[in-house]
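Here is the structure we will look at, set down as structure tokens.
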Amino acid sequence: RFLTPADAGGLHVFRHSSAHLLAAAVKDLFPEARYGIGPPIEGGFYYDFRVEEPFSREDLDRIEVRMRELVKQRIPFEREILDKDDAIRVFEEQGEFFKVELVREKGDARVSCYRVGDFFDFCEGPHVPHTGVIRALKVLSSSNAYWKGDSSGIPMQRIYATSFTDRKEMAAHLARLEEAKRRDHRRIGRDQRLFLILPEAPGQVFWLPAGMGVVNRLLDSMREKLERRSYQEIRTPLILNESVWARSGHLDHYRDNMFFIESDENRFGIKPMNCPGAALVYRSDIRSYRDLPLRLSEFGHCHRFEPSGVLSGLTRVRAFTQDDAHVYCRLDQVRAEVVALVDLVKEVYGEFGFEDIQIEVSTRPEKSVGTTESWEQAEVALVEALTESGDAWSVNSGDGAFYGPKIDFHVRDALRRSHQCATIQLDFSQAPAFDLYYATEDGGRERPVVIHRAILGSVERFFALLLEHTAGALPVWIAPVQAMLIPIADRHQAAAAEVADALRAEGFRIAVDDRREKMGYKIREAEVARVPFMVVLGDREVEEDTLAVRTRGKRGQEILTTAALADRLGELTKNRSLTP
């Protein structure tokens, strides 16, 4: 059947064909390049190549020009079915050793390939009829990659590009990409002096004073919400004996993502997750049905190995703080606990202006632990809880973890990008793995159900999301500096210091820019820092005991007293207002 752009999967096919077009252009210009894989991705596509030198910006521009030339030629996409041995021989003759490997691994007795001009690829298709269909395209960038994502394997160059069936849609997409660059959390972090990531500690964050202040207020806000919900905060060790990780299953399933050390002839694992530590805390005491639900929260510092090629700012790191909690409860308490957790997710994300939240329930996969009855009861409890919450949700059948069903929350930021954030995960494996029980009302023993939940998830990743969602203009209550005082001349510095002291005494975060710089430069610096309020003091303000206040995002200025500014700051902080 024919696909159109309106069909589900239509754009996927269109961009898959665009990836072949990209590879054809590269092979025309760089005959010695060897090509790997080229899938469609969200927002475009990429193709990996083995080349002697990295692609330059000039190379990418030449590739785009060549792609447009091939589009004008309206070259057909032609499918060829070969015997597997013949396909291997063809690719061997071309020197395309990556394709030889893929055909040997994935090819059936008969192998589907596609030809577009001189370019020949192992591919199931389908594709557009000819290159002339692909009229709106753009080569975006290149980066380092590795064959099959293995950092110890063959280094590759990955070219990213995009294509659309409509030129207006592509123009809008490119405008969003430019806005995304402006909102890049790495750029904002540098400009506002929030954090550092240095080569001396790859994938690990150096929090600077301004950024650390934001993190602390974020965690304090979470603690306040958890205390209202009867959570008890714990902290578990960073390093645990290897036997703990064997017991939890991490040693079998997560070993390659862990760091290990040896001491006193023992081997220890640096924790990638907080779950085993919480289980040991639960096991440390006799638990009764009266103790349940037991809600243990932890802002645990975790370490996971990530290949150097995928590390990126705060979003892909090797060390991070995980906003975790483990709720130990009876199966009949699951529904009420999940209802409360959904409410918590909506409260936290609503506080930062994330209103478009998509909810997904993932059910039992083929391989799992636990009884069919317990899985069915758990899935029903999750569904009933979401129904009670009144939110729309969808089912991701068979995508639950092997140890239990889960609810994932996807939020859209200001650029309409989707991010998987909060998770509510039922766990049927932890209790038997660590031999966890509670005393029942009739004097017997039963295992608790464990609900593992993360609201913020990784604090570092959430921080990045928040910076990009707000473009660095953080809400007043969490901003590093709430008001910047700028005296015009040296004679106004004493008055500025007095105002600053008065506002700080009321608990506000105030800075004074008393450097001997031009006023325009100081104002520009405060604008880059996205300070909610700039307060200028000159002769008139000192004489009249007033302040000339400029509010972020608004034109002009207004004249306020120190008390009036304090009232405004207090109201914005109390109400957790998103804008000043």
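The values are calculated or read from the model by the stated rules, or taken from the named source; none is laboratory data. Because the structure is a prediction, the values reported are computed rather than measured. FYI the Cβ positions are ideal-geometry reconstructions off the backbone, even for glycines, and counts take in every protein chain you see. Quick note on the areas: whole protein, heavy atoms, side chains included, nothing else; ligands and nucleic acids left out. Shrake-Rupley method; radii C 1.70, N 1.55, O 1.52, S 1.80 Å.
Here are E351, E366, E306, E360: which of them is under 30 Å from Q157 (Cα atoms) and among the acidic types (D, E)?
Within the list E351, E366, E306, E360, the selection yields E306.
Filter the range 20-33 down to residues that are in contact with a strand residue (DSSP E or B) (Cβ under 8 Å, 6 or more places away or on another chain) and without any contact (Cβ under 8 Å) to a residue 40 or more places away in the chain and give me whichever is least open to solvent (accessible area, probe 1.4 Å).
This residue is A33.
Six or more apart or on different chains, Cβ atoms under 6 Å: show the pairs whose first residue is in the range 490-506 and under 11 Å from T562 (Cβ atoms) and free of Cβ contacts under 8 Å to residues at least 60 places away in the same chain and whose second is open to solvent by 20 Å² or more (accessible area, probe 1.4 Å) and part of a helix (DSSP H, G or I).
Once the first residue is under 11 Å from T562 (Cβ atoms) and free of Cβ contacts under 8 Å to residues at least 60 places away in the same chain and sits in the range 490-506, its partners that are open to solvent by 20 Å² or more (accessible area, probe 1.4 Å) and part of a helix (DSSP H, G or I) give A495/V542.
Condition (residue is among the small types (G, A, S) and open to solvent by 20 Å² or more (accessible area, probe 1.4 Å)) applied to the range 540-550: is it met by at least one residue?
So far as the range 540-550 goes, no, none of its residues is among the small types (G, A, S) and open to solvent by 20 Å² or more (accessible area, probe 1.4 Å).
Within the range 369-381, can one find any residue that is part of a helix (DSSP H, G or I), among the polar types (S, T, N, Q), over 20 Å from R447 (Cα atoms) and touching a residue at least 12 places away in the same chain (Cβ under 8 Å)?
Within the range 369-381, not a single residue is part of a helix (DSSP H, G or I), among the polar types (S, T, N, Q), over 20 Å from R447 (Cα atoms) and touching a residue at least 12 places away in the same chain (Cβ under 8 Å).
Could you count how many residues in the range 551-572 are loosely packed, with under 13 Cβ neighbours inside 10 Å, of a type in the set (G, A, S) and closer than 16 Å to L485 by Cβ?
1
Search the range 338-367 for residues being open to solvent by 40 Å² or more (accessible area, probe 1.4 Å) and part of a loop (DSSP other than H, G, I, E, B), and hand back the single one that is modelled with the lowest pLDDT.
As a first pass, look at the range 338-367 and keep what is open to solvent by 40 Å² or more (accessible area, probe 1.4 Å): 340, 343, 346-347, 355-358, 360, 364, 366-367.
Within this subset, residues satisfying the condition of being part of a loop (DSSP other than H, G, I, E, B) are 355-356, 364, 366-367.
Details: E355: 85, D356: 88, R364: 89, E366: 84, K367: 78.
Restricting to residues being open to solvent by 40 Å² or more (accessible area, probe 1.4 Å) and part of a loop (DSSP other than H, G, I, E, B), the top hit is K367.
Among the residues of the range 62-86, which ones are more than 40 Å from the chain's Cα centre (by Cα) and not charged (D, E, K, R)?
Of the residues in the range 62-86, the ones more than 40 Å from the chain's Cα centre (by Cα) are 73, 80-86.
Once the filter is applied, which keeps residues that are more than 40 Å from the chain's Cα centre (by Cα) and not charged (D, E, K, R), the range 62-86 yields Q73, I81, L82.
State all residues of the range 500-524 that are touching a strand residue (DSSP E or B) at 6+ places or on another chain (Cβ under 6 Å), under 15 Å from P487 (Cβ atoms) and assigned to a helix (DSSP H, G or I); if no residue qualifies, say none.
A500, L503, K522 - these are the residues of the range 500-524 that are touching a strand residue (DSSP E or B) at 6+ places or on another chain (Cβ under 6 Å), under 15 Å from P487 (Cβ atoms) and assigned to a helix (DSSP H, G or I).
Filter the range 222-237 down to the residues that are of a type outside the set (K, R), surrounded by fewer than 15 Cβ atoms within 10 Å (Cβ to Cβ) and within 20 Å of L456 (Cα to Cα) and list them by number.
Matches in the range 222-237: E224, E227, S230, Q232, E233.
Can you pull out the residues in the range 496-507 that are buried (at least 19 other Cβ atoms within 10 Å of the Cβ) and not β-branched (V, I, T)? Write out each step before concluding.
First, pick out the residues of the range 496-507 that are buried (at least 19 other Cβ atoms within 10 Å of the Cβ): 496, 499-500, 503.
Within the range 496-507, A496, A500, L503 qualify.
Identify all residues within the range 246-286 that are assigned to a loop (DSSP other than H, G, I, E, B), surrounded by 15 or more Cβ atoms within 10 Å (Cβ to Cβ) and at pLDDT 90 or above; write none if there are none.
Within the range 246-286, M258, K271, P272, M273, N274 meet the criteria.
Consider the range 223-245. How many of its residues are closer than 27 Å to P293 by Cβ and assigned to a helix (DSSP H, G or I)?
Result for the range 223-245: 8.
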